[in-house]
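The values are calculated or read from the model by the stated rules, or taken from the named source; none is laboratory data. No experiment lies behind these values; they were computed from the predicted model shown. Cβ sites come from the backbone with ideal geometry, for glycine too, and all protein chains shown count toward neighbours. Surface accessibility is based on the protein's heavy atoms, side chains included, excluding ligands, DNA and RNA. Shrake-Rupley method; radii C 1.70, N 1.55, O 1.52, S 1.80 Å.
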Amino acid sequence: MAYIPLRFRQVVRERANEQCEYCQAQELIGILLVVDHIKPLSYGGETDIENLCLACFHCNSYKSDFRIGIDMETRLESRLFNPRLDRWAEHFLWVAAGLELTGLTSIGRGTISRLRMNRPAIVTARRAWIKAGMHPPRDTA
């Protein structure tokens, strides 16, 4: 694991509004947020502020050092969502009253598939967050 300076971690957390920049999970009970290299170090990515994003532990784990996902609609490869280059709302949409995400583009669909953004545990967590009035996030709804 690469060392990421504390000042970078603070900027990344503030910029992300303390939520996963992929699935939009908030750091609550059972959700740990970590700093992720958007372009993996193994592919020449660097530890600079523009290559870092905040990700929940699960999105970060499923992303690993992958740069592509499979668009399950077209069965073609697609690059993954890049929080520094892409607008979240152009690629993802909350459906099923905020319980699940659907991809609006091949990038969105490939990212949802690769990162398993509708895995049962996160859907259960979203259900609880909805009941508490904390979901979906206002800036992505």
> Could you give every pair whose Cβ atoms fall below 6 Å, whose first residue belongs to segment 93-106 and is open to solvent by less than 60 Å² (accessible area, probe 1.4 Å), and whose second residue is charged (D, E, K, R), counting only separations of at least 6 or pairs across chains?
Replying inline: Leu99/Arg126; Gly103/Arg109; Ser106/Asp71
> Give me the pairs: first residue in segment 71-90 and open to solvent by 30 Å² or more (accessible area, probe 1.4 Å) and acidic (Asp, Glu), second residue in a loop (DSSP other than H, G, I, E, B) and modelled with pLDDT under 95, beta-carbon distance under 7 Å, and six or more apart or on different chains, which are they?
Replying inline: none
> Which number in (1) farther than 30 Å from Ala132 by Cα; (2) open to solvent by less than 20 Å² (accessible area, probe 1.4 Å) marks the one condition that Tyr43 misses?
Replying inline: (2)
>> One residue is enough: does segment 26-43 have a residue meeting the conditions polar (S, T, N, Q), in contact with a strand residue (DSSP E or B) (Cβ under 8 Å, 6 or more places away or on another chain) and at pLDDT below 95?
In response: yes
> Only one of (1) without any contact (Cβ under 8 Å) to a residue 12 or more places away in the chain; (2) open to solvent by 50 Å² or more (accessible area, probe 1.4 Å); (3) not in a helix (DSSP H, G or I) fails for Leu28. Which number is that?
Replying inline: (1)
